[in-house]
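Asker: Below you will find the structure I want to go over with you.
Derivation of every value follows stated rules applied to the coordinates shown; laboratory data play no part. Small disclaimer: the values here were computed from a predicted structure and weren't measured. Backbone-built Cβ (ideal geometry, glycine too); neighbour counts: all protein chains shown.
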Amino acid sequence: AAGVIQSPRHLIKEKRETATLKCYPIPRHDTVYWYQQGPGQDPQFLISFYEKMQSDKGSIPDRFSAQQFSDYHSELNMSSLELGDSALYFCASSSLEGAVYGYTFGSGTRLTVV
Amino acid sequence: AQSVTQLGSHVSVSEGALVLLRCNYSSSVPPYLFWYVQYPNQGLQLLLKYTTGATLVKGINGFEAEFKKSETSFHLTKPSAHMSDAAEYFCAVRLTYSSASKIIFGSGTRLSIRP
C-alpha cells in the first residue's frame, strides 16, 4: 500500500540557509500534518492543512512557512536556519473522516544544521 | 486542554517478561488514544488505538492496551517481551470533536530488553 512519502530523507544545511521539505500524502488523503522531533524529544506539532487551507498551527517559528498544493502535497519552508532547527521532521496524512483514528506518518526528513 | 503523561522515560525488562508502559491522559471530552512505536532512525508506526467501544484494544506485535476512564489511563502491555520490541513508545491523545485536530504526544518511554 502507498505510504506517506517525504523528501529528502536527509538534508545538511549551514546556518542562515534555507531548506524546503516535501511531503506527499497517501492518495485520497486531504489533510497533512507536520511535526518536529528534536534529539531525544517527543514529536511537536508544527502545522496542519486541510483542503489546501491551514487548519491548525502549533509551535512553528515565524521563520518557517508551509503550504498545501492542489495535488495535496505539502512543503515546509525553513529560512534563516539555526543550529536548534536540527531535528527529524515528520509529515503525516489522513482523510478528514479517518483523522480521528490516527494518522499515517512518513519516515521523516532528518535536517542537520551546521 | 488535552495532554498525556508517560510515567518512566526508560523501562528495562528481561526477554520473556511482561512489558508495562504507563500512560495517563487528561481531556475535557472523551479522548481518542493511541500508542505509536518508533524504532531507531525510523518513523512513527501506529501500534493501536482506542476510539469508542471495547476498552481493551489489541494492536500489532502482540501489544494491547486498556482504556480505563475511572483511572484516566491507557497503559500498554505485552505478556512476553521480545528483543525486537526495543524501541521508543509514545502515547498520544486526540480530541474527538474537532475537524483536523492534532495528535498530542507524550514524552515517550524507551523500552530496553535484557537478554
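Asker: Can you compute the FRET efficiency between B:S70 and A:K57 using 1/(1 + (r/R0)^6), with r the Cβ-Cβ distance and R0 = 35 Å? Round to the nearest 0.05.
Answerer: Efficiency computed from Cβ-Cβ geometry: 0.50.
Asker: Report, to one decimal in Å, the Kirkwood hydrodynamic radius for region B:1-83 based on all distinct Cα pairs.
Answerer: With all distinct Cα pairs of region B:1-83 included, I get 13.6 Å.
Asker: Among DSSP beta bridges whose residues both lie in chain A, state the antiparallel percentage, nearest 5.
Answerer: On the way: 35 of 39 bridges.
The antiparallel proportion sits near 90 percent.
Asker: Sequence-distant or interchain residues sharing an amide H contact under 5 Å with A:S55, placed H: which?
Answerer: A:S48, A:F49, A:Y50
Asker: Output needed: percent of Cα pairs per 10 Å distance bin for the protein assembly as shown, bins running from 0 to the one holding the longest distance.
Answerer: 8, 33, 34, 20, 5, 0
Asker: Taking amide H positions as placed in the peptide plane 1.01 Å from N, state which residues far from A:I5 in sequence (5 or more) or on other chains have amide H under 5 Å from it.
Answerer: Sorted by chain and number, the residues that satisfy this are A:Y24.
Asker: State the Kirkwood hydrodynamic radius of chain A in Å, one decimal place, computed from all pairs of distinct Cα atoms. Write down the numbers at each step before the final one.
Answerer: Details: mean 1/r = 0.0717 Å⁻¹.
Value: 13.9 Å, from the Cα pair sum.
Asker: Looking at this model, which pairs from A:K52/B:K68; A:K15/B:K49; A:K52/B:K69; B:K68/B:K102 are more than 29 angstrom apart at the alpha-carbon?
Answerer: Numbers: A:K52/B:K68 37 Å; A:K15/B:K49 40 Å; A:K52/B:K69 36 Å; B:K68/B:K102 22 Å.
Flagged as over cut-off: A:K52/B:K68; A:K15/B:K49; A:K52/B:K69.
Asker: According to the Cα gyration tensor, what semi-axes, each the square root of 5 times an eigenvalue, does the equivalent ellipsoid of region B:31-78 have, listed from largest to smallest in whole Å?
Answerer: 21, 11, 9
Asker: In addition: Between B:H82 and B:T52, what's the calculated FRET efficiency when r is the beta-carbon distance and R0 is 30 Å? Round to 0.05.
Answerer: Details: r = 31 Å, r/R0 = 1.02.
After rounding to 0.05, the efficiency reads 0.45.
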